[in-house]
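Below is one structure; the comments refer to it alone.
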Amino acid sequence: MTKPGALLLAPGAGSSSAHPSLRAIESAVAPLPVARMDFPYRKAGRRAPDRPPVLLAAVRDEAAALVKAAHVRANRLVLGGRSMGGRMCSMAVADGLPAAGLVLICYPLHLPGKPDQLRTEHLPCLTVACLFISGTRDAFGTPDELLGATAEIPGPVTHHWIEGKGHDLKGADAELASTVAGWLRSL
């Protein structure tokens, strides 16, 4: 595996780069260079996310900017984030964006109450190391559902479950950040 040289973090659909958990991760992984990105709709002050092609282009642009700013090879970049942000990063990597790994926090496997509409088409294309961190009560995917879906990933997969927490992982920033930092050191 490739030693991480920088980390790009993307927020969930209803949040921004200032989300406390993203800031906690940035502090925990220091001195590793970190960029916390915002998607175009958030920068424009809109609440509704852009369509996936716009979101994916933003991930690619932010990744290229971080690689240049941190003076690292593209294959040393770890990408990820919360919910939609992590999903977009995983889709960009599945589509060929070079990466050393993915940090996927509260991966939105399906919309709440719609477990038959999985967002997994791209998972078999992920050959990099993946860390999934989820609450055991996440309405966007149960532990069993997530384990079943991630079995399709050919790259090494690590799961970390935060007991009793939902999709927001409220109050779990310290555990979340230390888990990410430890996993990055293990690569």
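Within region 28-51, the set of residues being touching a helix residue (DSSP H, G or I) at 6+ places or on another chain (Cβ under 7 Å) and part of a helix (DSSP H, G or I) comprises Ala28, Val29, Pro40. Filtering region 65-74 to residues that are part of a helix (DSSP H, G or I), out of contact with any helix residue (DSSP H, G or I) (no Cβ under 7 Å at 6 or more places or on another chain) and open to solvent by less than 60 Å² (accessible area, probe 1.4 Å) leaves Ala65, Leu66, Ala70.
In region 30-49, which residues are touching a Lys or Arg at 6+ places or on another chain (Cβ under 9 Å) and open to solvent by less than 30 Å² (accessible area, probe 1.4 Å)?
Start the filter on region 30-49 by keeping residues that are touching a Lys or Arg at 6+ places or on another chain (Cβ under 9 Å), which leaves 36, 40-41, 49.
Passing the criteria: only Tyr41.
Of all residue pairs spaced 6 or more apart or on separate chains, none has beta-carbon atoms under 9 Å together with a first member in region 32-46 that is modelled with pLDDT under 95 and a second member that is open to solvent by less than 50 Å² (accessible area, probe 1.4 Å) and part of a helix (DSSP H, G or I). Going through (1) of a type outside the set (S, T, N, Q); (2) farther than 13 Å from Cys106 by Cβ; (3) surrounded by fewer than 19 Cβ atoms within 10 Å (Cβ to Cβ); (4) touching a helix residue (DSSP H, G or I) at 6+ places or on another chain (Cβ under 6 Å) one by one, Ala174 falls short only on (4). Please go through region 70-85 and give me each residue that is more than 17 Å from Val103 (Cβ to Cβ) and in contact (Cβ under 8 Å) with a residue 60 or more places away in the chain, ordered by number. Of everything in region 70-85, just one residue is more than 17 Å from Val103 (Cβ to Cβ) and in contact (Cβ under 8 Å) with a residue 60 or more places away in the chain, namely Arg73.
Set side by side, the residues Val78, Val59 differ, and just one is under 14 Å from the mean Cα position of the chain (by Cα) and either at pLDDT below 95 or outside any helix (DSSP H, G or I) (or both), which is Val78. If you go through region 146-171 and keep only what is open to solvent by 60 Å² or more (accessible area, probe 1.4 Å) and assigned to a helix (DSSP H, G or I), you end up with just Leu147. Annotation: of all residues in region 19-29 being under 18 Å from Ser134 (Cα atoms) and among the hydrophobic types (A, V, I, L, M, F, W, C), the one that is surrounded by the fewest Cβ atoms within 10 Å (Cβ to Cβ) is Ala24. In this structure, Ser16 does satisfy being open to solvent by 30 Å² or more (accessible area, probe 1.4 Å), modelled with pLDDT of 95 or more and among the hydroxyl-bearing types (Ser, Thr, Tyr). Consider Asp50 carefully, then state whether it is more than 19 Å from Val180 (Cβ to Cβ) and out of contact with any strand residue (DSSP E or B) (no Cβ under 9 Å at 6 or more places or on another chain). Yes.
What are the residues in region 10-27 that are touching a Cys at 6+ places or on another chain (Cβ under 8 Å) and part of a loop (DSSP other than H, G, I, E, B), if any? Lay out the reasoning, then the answer.
Residues of region 10-27 that are touching a Cys at 6+ places or on another chain (Cβ under 8 Å), as a first pass: 10, 12.
Gly12 - this is the single residue of region 10-27 that is touching a Cys at 6+ places or on another chain (Cβ under 8 Å) and part of a loop (DSSP other than H, G, I, E, B).
The values are calculated or read from the model by the stated rules, or taken from the named source; none is laboratory data. All values derive from a computational prediction rather than experimental measurement. Using ideal geometry, Cβ is built from the backbone for each residue, glycine included, and neighbour counts are taken over all protein chains shown. Heavy atoms of the whole protein, side chains included, go into the accessibility calculation; ligands, DNA and RNA do not. Shrake-Rupley method; radii C 1.70, N 1.55, O 1.52, S 1.80 Å.
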